[in-house]
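The values are calculated or read from the model by the stated rules, or taken from the named source; none is laboratory data. The shown structure was predicted, so the numbers you read here are calculated from the model rather than taken from an experiment. Positions of Cβ are backbone-derived with ideal geometry, glycine not excepted, and every protein chain shown enters the neighbour counts. Side chains are part of the model used for accessible areas, which takes the heavy atoms of the whole protein and leaves out ligands, DNA and RNA. Shrake-Rupley method; radii C 1.70, N 1.55, O 1.52, S 1.80 Å.
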Amino acid sequence: MHAPLPAPSLLAGDHANLADSACCVAAAGAPWLHLDIMDGHFVPNLTFGPETLTALRRAGLSLFFDTHLMLSEPHRYVEAFAKAGANLISIHIEPAYDHTAALARIRTLGCKNGIVLNPGTPAAAVKHLLPLVDLVLVMTVQPGFGGQSFRADMLPKLAQLAAWRKEFNYGWRLEVDGGVDLRTVRDCRAAGADTFVTGSSFFKATDRAAFIAEIQGLA
Ligand code: DX5
Ligand code: ZN
């Protein structure tokens with residue numbers, strides 16, 4: 001199993017000062033920054049686009065950009081996000097497009113790829129893609145908004161994916177996203193997750209460096 005890795009989400013940062021919020025993530029010692037991209041169609045909310053990533057790079061941010069595309073047609077935008085500085089681009093299984101081709105394209109563009117499952121989507125829906133990915137992201141809330149409650153009923157899905165990873169000796173990271181805090185992160189870790197998106201819990205923490213260190217120190 002991979003070492004535990006916190007990925008604070010910029011969605012919970014200050015949208016008038018995104019570079020400052022991203023700098024807080026780096027200053028706290030987190031290596032990854034999670035970037036939530038929403039299109040107002042696949043999810044009922046809008047966030048930012050590739051220009052924001054470009055601007056964050058221009059501002060000097062060297063964090064690993066973990067880019068979560070919540071888009072109905074993600075394949076149309078992977079190139080723009082790769083060019084803008086994404087290091088990893090994850091795309092959802094639910095919309096209809098050529099998932100295999102899109103995942104391959106992300107790697108051709110020089111990024112790591114990821115496949116994402118909504119709460120209502122069973123693990124079996126991505127089983128055929130598991131040899132082709134660098135990361136599997138299990139949503140532990142219905143995507144669209146930060147600050148929602150963690151869904152403990154997603155823990156068996158995590159455990160199933162972790163079991164397949166072990167059985168078939170896959171190397172991908174297993175990420176969770178939604179309602180992850182210092183309490184729920186322990187259940188996710190016990191179920192086999194290694195990469196933890198934290199939005200509200202990170203930005204609300206009184207000691208953000210201690211928050212990151214606690215996640216990195218999970219067994
Ligand atoms: C939700 C996003 C999440 C969000 C998580 O649609 O995918 O990444 O930022 O926020 P918290 O950690 O506050 O649940
Ligand atoms: Zn996300």
### Task
Give, rounded to the nearest 20 debye, the magnitude of the charge dipole that the chain has about its Cα centre when Lys and Arg contribute +1 at Cβ and Asp and Glu contribute -1 at Cβ.
400 debye
### Task
Give the carbon-plus-sulfur fraction of the accessible surface of the chain in %, rounded to a whole number; probe 1.4 Å, heavy atoms of protein chains only.
53 percent
### Task
Mind checking the per residue accessible area of the stretch 34-87 for me, 1.4 Å probe, whole number of Å²?
43 Å²
#### Entry: For residue 173, distant residues with modelled amide H under 5 Å away
135, 136
### Task
Could you check the simple spin-label distance between residue 200 and residue 159, using points 7 Å along Cα→Cβ, in nm with one decimal?
2.7 nm
### Long-range HN-HN contacts of residue 93 with modeled amide H, under 5 Å
116, 118
### Task
Work out, step by step, the length gained on full extension between residue 96 and residue 54: first 0.36 nm times the residue separation, then minus their alpha carbon distance; give nm to one decimal.
12.3 nm
### Task
Using DSSP, restrict attention to beta bridges with both residues in the chain and report what percent are antiparallel, rounded to the nearest 5.
5 percent
### Task
Label the stretch 1-75 by shape, choosing from rounded, prolate and oblate, from the square roots a ≥ b ≥ c of the eigenvalues of the Cα gyration tensor; if a/c is under 1.5 it is rounded, and otherwise prolate applies when a/b is larger than b/c, oblate when it is not.
oblate
### Query
Between residue 152 and residue 130, what FRET efficiency comes out of the Förster formula 1/(1 + (r/R0)^6) with R0 = 35 Å and r the beta carbon distance, rounded to 0.05?
0.90
### Message
Taking the full set of protein chains and a 1.4 angstrom probe, give the accessible area of residue 51 in square angstrom, rounded to the nearest 10.
### Response
130 Å²
### Message
If I build a Gaussian network model for the chain, linking alpha-carbon pairs within less than 10 angstrom, which residue out of 100, 47, 195 has the largest mean-square fluctuation?
### Response
100
### Task
Obtain the nm distance between the two label points defined at residue 64 and residue 16 by a simple spin-label model: each point lies 7 Å from its Cα along the Cα-to-C-beta direction.
3.4 nm
### Query
When the label point is put 7 Å from the Cα of residue 213 along its Cα-to-beta-carbon vector, which residues of the stretch 1-37 have a backbone N closer than 13 Å?
28-30
### Query
What trypsin sites (Lys or Arg not before Pro) does the stretch 116-214 have in DSSP loop regions with at most 11 other beta carbons within 10 Å?
183
### Task
Note the full-extension length gain between residue 87 and residue 186 as 0.36 nm times their separation in residues minus their Cα-Cα distance, in nm to one decimal.
33.0 nm
### Equivalent ellipsoid dimensions for the stretch 60-219 as semi-axes, Å, which come from the Cα gyration tensor, largest first
24, 19, 15
### Message
Within the stretch 5-216, count lysine pairs with alpha carbon atoms under 25 angstrom apart where the residues are 8 or more positions apart or belong to different chains.
### Response
7
